[in-house]
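First comes the structure, then the notes that go with it.
Just so it is clear, none of the values below were taken in a lab; they were calculated from the coordinates. Since the model is a prediction, treat every value here as computed from it, not as a measurement. Because the Cβ atoms are built from the backbone with ideal geometry, glycine has one as well, and the counts that use them run over all protein chains shown.
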């Protein structure tokens with residue numbers, strides 16, 4: 001298994017020689033490699049068994065470093081970066097040739113963000129290159145929100161996990177770009193649409209669900225546990241599957257007394273941030289338990305509820 005620790009120097013040395021290191025962010029843990037090194041990036045795809053048509057996000061430590069690998073940034077995207085970086089926002093930008101096509105799956109834009117985690121920010125500041133880093137889990141499975149999650153799944157594939165504790169957002173970043181002057185959200189995530197609209201006004205939402213994504217995290221089936229997930233009215237679903245051991249993911253004031261149900265309430269107090277933090281951990285706990293199936297119902301489509309619903313729907317596909 002991998003070594004787990006907080007030694008930035010050790011992580012730095014491994015990354016400099018083209019190795020993979022798992023890094024903490026406020027969203028989820030990432031599987032990082034030198035974004036300029038095509039052989040190192042290839043190791044990410046191999047370790048995750050990730051298809052090369054699904055692009056990666058590049059992580060950097062300051063807006064000024066963007067000039068090294070991105071260009072022609074729309075003023076509204078600059079404004080979002082000024083307000084929300086470091087944070088759970090990825091900008092889809094025109095890439096320079098220094099970014100290997102493998103990072104972007106051959107597309108002419110690269111997803112970039114500044115993560116809001118002190119350990120990873122310090123690591124990025126000490127490196128002469130940005131880090132390509134998708135979530136540190138086998139492709140398509142539940143994203144990791146702790147060092148242990150990473151080690152349980154990829155510990156045999158990497159040497160070091162930089163341990164930054166539990167992730168404080170728990171959902172991947174929101175991905176935003178621009179086409180023909182229109183600002184577009186390509187992936188819902190840890191930054192709510194309402195927050196983005198407050199800064200730049202109306203935006204369009206294009207949540208591609210195909211095998212030809214424009215941005216990371218757009219595939220129809222993603223973030224999925226091994227056990228089957230069913231989405232709908234939770235009371236009706238429980239009646240329909242009464243003969244099974246059920247794991248139920250709920251939200252708000254929900255109570256069930258049946259002995260065959262394991263309840264995981266994302267937030268009894270209707271707190272969307274709490275729900276986002278708990279989502280992947282609860283999916284993972286139920287997947288590792290003795291339940292037969294996982295049942296859930298969608299949250300109200302406000303705030304981070306939209307992004308949580310997006311993850312549940314992809315997990316159930």
Please determine, in degrees from 0 to 90 and to the nearest 10, the orientation of helix 38-48 with respect to the longest principal axis defined by the Cα atoms of the chain, where the helix direction is its Cα long axis.
10 degrees
Whole-Å distance, taken between Cα centres, linking region 14-59 and region 68-121
15 Å
Debye sum, Cα scatterers, region 227-280, no solvent: what log₁₀ I/I(0) at q = 0.17, 0.19 1/Å?
-0.54, -0.67
DSSP beta bridges in region 3-205 [antiparallel fraction, %, rounded to 5]:
60 percent
On the Cα set of region 3-205, report Rg and Dmax in Å, please.
15.7, 47
What order do you get for 286-296, 141-151, 224-234, 31-41 when each peptide is scored by the mean count of other beta carbon atoms within 10 Å, highest first?
141-151, 31-41, 286-296, 224-234
Spin-label pair residue 64/residue 256, simplified geometry with 7 Å Cα→Cβ offset, distance in nm
5.4 nm
On each of the three principal axes the extent of the alpha-carbon atoms of region 85-165, given in whole Å and largest first, is 35, 27, 22
If you bin every alpha carbon distance in region 229-316 into 10 Å steps from zero, what whole percent lands in each bin?
18, 56, 25, 1
So if we plug the beta-carbon distance of residue 159 and residue 194 into 1/(1 + (r/R0)^6) with R0 = 35 Å, what FRET efficiency do we get, rounded to 0.05?
0.30
Given the options 98, 185, 238, which has the most mean-square fluctuation in a GNM of the chain, springs set between C-alpha atoms less than 10 angstrom apart?
98
So what's the back-of-envelope 222 nm ellipticity for the chain, counting only DSSP H runs of four-plus at -39500 (n - 2.57) apiece and dividing by all residues, rounded to 500?
-8500 deg cm²/dmol
Which angle from 0 to 90°, rounded to the nearest 10, does the C-alpha axis of helix 305-316 make with the longest principal axis of the chain?
80 degrees
So how much slack lies between residue 244 and residue 301, counting 0.36 nm per residue of separation and subtracting their Cα-Cα distance, in nm?
17.6 nm
Ranking request for peptides 17-30, 99-112, 259-272: highest mean number of other beta-carbon atoms within 10 Å first, then the rest in descending order.
17-30, 99-112, 259-272
Once both axes come from the Cα atoms, what is the angle between helix 75-84 and the longest principal axis of the chain, in degrees from 0 to 90, rounded to 10?
60 degrees
Using a 7 Å offset from Cα along Cα-Cβ at residue 101, what residues in region 25-54 end up with backbone N under 17 Å from the label point?
36-39, 41-42, 52-54
For region 1-114, give the share of DSSP beta bridges that are antiparallel, in percent and rounded to the nearest 5; count only bridges with both residues there.
75 percent
